[in-house]
Structure formats: C-alpha cells, structure tokens
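Engineer: Shown below is the structure under consideration.
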Amino acid sequence: MSTFTIHTLGCGSAKPSPKHQPSSLVINHRENLFMVDCGEGAQLAFMRQRLKFSRLRHIFLTHLHGDHVFGLPGLIGTLALQGNGGHVTIHTFEEGKRILTDIFNFFCREIPFEINFNVIEPGEAVIYESNSLTVRTIPLRHRVPDVGFVFEEKGKLRHIDRKMTDFHGVPTFMLNRIKAGEDFIKPDGTVVPNRMLTTAPTPPLRYAHISDTMYMPELAGKIGPVDLLFHETTYLEEHKSMAAPRGHSTARQAAMVARDAGAKRLLTGHYSSRYDDFTLFKREAEEIFPHVILNNEGLSVPLD
Ligand SMILES: [Zn+2]
C-alpha cells in the first residue's frame with residue numbers, strides 16, 4: 001500500500017474539450033489529501049476516484065486562471081452540504097483570497113466549517129509544514145503570477161534491527177530514541193553505537209508540480225531530484241512558437257527540465273485541446289528523458 005500517491009482529476013488546459021477535464025490533482029500522503037488546483041468538475045472526478053472529502057484539508061492554487069479555479073465554489077458547496085467536520089485551508093495569493101471570499105460569502109453562506117486562507121507570494125518559500133511533510137513554492141513564468149509546488153517528506157526515522165536491540169537488551173521505551181539516531185548506553189557504561197542497532201531509513205519521497213509555465217532552464221536546479229515531476233506539456237514541438245508567448249511549454253521542454261532536475265519520472269499534462277493523439281506527448285518527451293508517464297483522468301501514480 002503506497003503512502004504517497006498522485007491522483008489526476010483533470011489534465012486538460014483552458015479551452016474546454018470532451019477529451020480532458022481542466023487542471024486538478026490530489027496528493028494522498030498517508031491518507032491526508034492535498035489538492036493542487038481545482039478546475040471545473042474536479043469534485044466529480046474526486047468522487048470517481050473514491051477519494052474521501054473528509055480527508056481533504058488543503059487546497060493549493062498555482063495561479064488564478066479559470067481552468068485552475070472554477071471548480072472551487074462547487075467543491076466548497078459540496079463540503080458544506082456534507083458537513084465536512086473540519087477546516088479547509090486554501091493556499092493562494094492575496095487576490096485569490098479576496099475573490100474567493102466574495103464568492104463563498106455569496107454562494108456558500110452556511111458553511112459549517114472554517115475556511116482558512118494561507119496567503120502566499122509568487123516567490124520561493126516554505127508555505128506548509130507538518131510533522132512529516134513540507135510544501136515549498138517556486139515562481140514560474142506565465143501570463144499572471146504563478147507558482148509551482150514541491151511536496152517533500154521530512155527525513156524518516158531509522159529502522160530498528162530487532163535482533164540486535166534484543167541482543168543488547170535495549171528496553172522498549174528506548175526504541176523511539178534509537179530510531180531517531182541515539183546510541184545505547186548499557187547499565188555497565190558500554191556504548192553500543194546506533195549503526196549497530198539500526199538500518200538506514202527509507203529515503204524521503206518528493207513530488208514537484210509545475211503548471212503553467214514557459215520553459216525555464218533554471219527551474220531544474222530549483223526542483224531538484226524528485227521522485228515524480230508533473231510538468232505541464234501544453235504543446236508539442238510543432239507548435240513551439242505558440243508556447244512561450246502564451247506562457248506554456250512543450251513536451252520536449254518538460255522532458256529537458258525532468259532530465260536536468262534529476263527527476264525519476266515525468267508526468268505529462270495540461271494538454272491543449274487542439275490535439276487528438278496524446279501518445280505523441282509521451283513519444284516526444286521520451287526522446288529526451290526515458291521515464292515518462294502519459295497522464296490521463298483517473299490515473300494514480302504511487303511514488304513508493
Ligand atoms: Zn492552465
């Protein structure tokens with residue numbers, strides 16, 4: 001059972017089309033759900049994936065374009081109807097807070113839970129932190145202020161080698177401290193070094209979400225070696241001349257960022273509705289970077 005899974009709700013772009021839904025994605029980290037963007041129809045796609053509204057506590061908005069936001073009033077209205085028993089935090093720019101507050105005040109008046117806003121800036125910052133996860137922003141280049149998000153697990157505890165802790169008589173109440181890296185001191189003063197009692201921790205998992213942006217070569221260094229990189233692939237190279245002026249990237253450019261960041265895998269998406277054969281995105285990206293996952297609605301990708 002994965003502890004870190006990415007669920008795609010929508011991987012189309014701004015112009016509506018029956019081929020794909022507008023942008024939205026959910027990260028399930030240890031049964032806590034984090035939504036990134038909430039395009040129209042996101043709540044229905046959420047239900048189709050059998051995700052639980054009661055587990056959704058954080059919504060992160062990359063930018064304030066309709067194809068990333070129009071699903072939010074509907075989703076919040078549904079959470080209100082369901083009596084979602086907890087708060088929801090929306091991470092967005094000051095302008096987003098102002099606009100969404102007006103919309104919620106009008107359409108979702110009797111919300112039986114708290115909606116908090118975490119006002120973020122279009123720069124580099126850690127904007128969320130829990131015991132096990134941090135989320136940081138990276139500024140992107142689009143037609144409006146826009147950020148990418150990197151979800152990073154914190155360093156994990158070491159694994160206890162049960163045979164060795166039993167052999168050295170480590171009491172149960174000490175095990176958490178041993179997992180955290182302490183040596184064990186026996187009653188006679190002998191020190192048993194931690195490396196004899198434990199094995200290396202499972203490496204922390206990382207996911208980066210980059211949408212929407214024109215190609216930025218410097219992005220790779222800011223993202224770093226993630227386990228999975230979603231990078232928008234609005235266009236194919238044949239329409240490259242449209243990409244930069246509209247603040248978007250091609251599949252080839254996304255693959256260059258994945259390669260240069262040292263990502264393990266690239267997830268495509270935010271496809272322009274002008275295309276019919278979406279396998280071309282995978283093929284084009286694979287010429288640069290071999291580990292490409294072709295995105296589609298309903299797809300789930302476990303990171304571990
Ligand atoms: Zn978009």
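The values are calculated or read from the model by the stated rules, or taken from the named source; none is laboratory data. Computed from a predicted model, the values in this text were never measured in an experiment. Cβ placement follows ideal geometry from the backbone for every residue including glycine, while neighbour counts extend to all protein chains displayed. To get the accessible areas, we keep the full protein, side chains included, count just its heavy atoms, and leave off ligands, DNA and RNA. Shrake-Rupley method; radii C 1.70, N 1.55, O 1.52, S 1.80 Å.
Engineer: If you count the DSSP beta bridges with both ends in the chain, what percent of them are antiparallel, to the nearest 5? Walk me through the numbers on the way to the answer.
Structural biologist: Working: 35 of 57 bridges.
That works out to approximately 60 percent antiparallel.
Engineer: Using a 7 Å offset from Cα along Cα-Cβ at His168, what residues in the range 189-209 end up with backbone N under 20 Å from the label point?
Structural biologist: Once the point is set 7 Å along Cα→Cβ of His168, 189-202 turn out to lie under 20 Å by backbone N, inside the range 189-209.
Engineer: Given the range 102-188, report the % of alpha carbon pairs whose separation exceeds 15 Å.
Structural biologist: Values: 2774 of 3741 pairs.
Summing the P(r) of the range 102-188 above 15 Å gives 74 percent of all pairs.
Engineer: Follow-up. If N is the number of residues in the range 159-199, what value comes out of its Cα radius of gyration divided by 2.2 N^0.38 Å? Working shown, then result.
Structural biologist: Values: Rg = 8.8 Å, N = 41, 2.2 N^0.38 = 9.0 Å.
Compactness ratio reported: 0.98.
Engineer: Here's a follow-up. Of Lys19/Lys222; Lys97/Lys240; Lys52/Lys97; Lys52/Lys154, which sit over 27 Å apart, Cα to Cα?
Structural biologist: Too far apart for the 27 Å limit: Lys19/Lys222; Lys97/Lys240.
Engineer: Something else: Using the Kirkwood formula on the Cα atoms of the range 38-149, what hydrodynamic radius do you get, in angstrom to one decimal? Please list the in-between numbers first.
Structural biologist: On the way: mean 1/r = 0.0682 Å⁻¹.
Result for the range 38-149 stands at 14.7 Å.
Engineer: Using helices alone, what [θ] at 222 nm do you get for the chain, with -39,500 (n - 2.57) per DSSP H run of 4 or more residues, divided over all residues and rounded to the nearest 500?
Structural biologist: Value at 222 nm, helices only, nearest 500: -6500 deg cm²/dmol.
Engineer: On to the next question. Give me, ordered by chain and number, the residues 5 or more places off Asn118 or on other chains with an amide H under 5 Å from its own placed amide H.
Structural biologist: Long-range HN contacts for Asn118: Ile90, His91, Thr92.
Engineer: Accessible area of Ser17, 1.4 Å probe, to the nearest 10 Å²?
Structural biologist: 30 Å²
Engineer: Might you work out the accessible area of Ser130 for me, using a 1.4 Å probe with all protein chains in place, and round it to the nearest 10 Å²?
Structural biologist: It works out to around 30 Å².
Engineer: Across the range 136-144, in residue order, what do the Karplus-derived ³J(HN,Hα) couplings come to in whole Hz, using 6.51 cos²θ - 1.76 cosθ + 1.60 with θ = phi - 60° and x for Gly and Pro?
Structural biologist: In residue order, the calculated couplings are 10, 9, 10, x, 10, 10, 9, 7, 9 Hz.
Engineer: Counting only protein heavy atoms, what percent of the accessible surface of the chain is carbon or sulfur at a 1.4 Å probe? Mind dumping the intermediate values first?
Structural biologist: Working: 7530 of 14160 Å².
Roughly 53 percent, rounded to a whole number.
Engineer: Where Rh is the Kirkwood radius over the Cα pairs of the chain, the temperature 37 °C and the viscosity 0.692 mPa s, what D in µm²/s does Stokes-Einstein return?
Structural biologist: On the way: Rh = 20.7 Å.
Roughly 159 µm²/s, to the nearest whole number.
Engineer: Quick one: net charge of Ile120's neighbours, Cβ under 12 Å, K/R +1, D/E -1? Don't skip to the end; give the middle numbers.
Structural biologist: Details: positive: Lys97, Arg136; negative: Glu94, Glu95, Glu121, Glu124, Asp146.
Overall, the nearby charge balance is -3.
Engineer: If you don't mind, there's one more thing I want to ask. Return a whole-number percent for the relative contact order of the range 1-107, with Cα pairs under 8 Å and 6 or more residues apart as the contact set. Please list the in-between numbers first.
Structural biologist: Details: 184 pairs, mean separation 23.4, N = 107.
It comes to 22 percent, rounded to a whole number.
Engineer: Another question, then. Between Gly247, Gly181, Gly12, which gets the highest mean-square fluctuation from a Gaussian network model of the chain, Cα cutoff 10 Å?
Structural biologist: Gly181
Engineer: Tell me the chymotrypsin sites (Phe, Trp or Tyr not before Pro) within the range 220-298 that lie in a loop according to DSSP and have at most 13 other beta-carbon atoms within 10 Å.
Structural biologist: Numbers: sites: Phe230, Tyr235, Tyr271, Tyr275, Phe278, Phe281; in loops: Tyr275, Phe278.
In loop regions of the range 220-298 (DSSP not H, G, I, E or B), there are no sparsely surrounded chymotrypsin sites (Phe, Trp or Tyr not before Pro).
Engineer: GNM, the chain, Cα, under 10 Å: largest mean-square fluctuation among Ala200, Ala258, Ala220?
Structural biologist: Ala200
Engineer: Still on this model: Relative contact order for the chain: what percent, with Cα pairs under 8 Å and sequence separation of 6 or more? Don't jump to the answer; show the numbers that get you there.
Structural biologist: Details: 681 pairs, mean separation 53.2, N = 304.
Worked out over the chain, it gives 17 percent.
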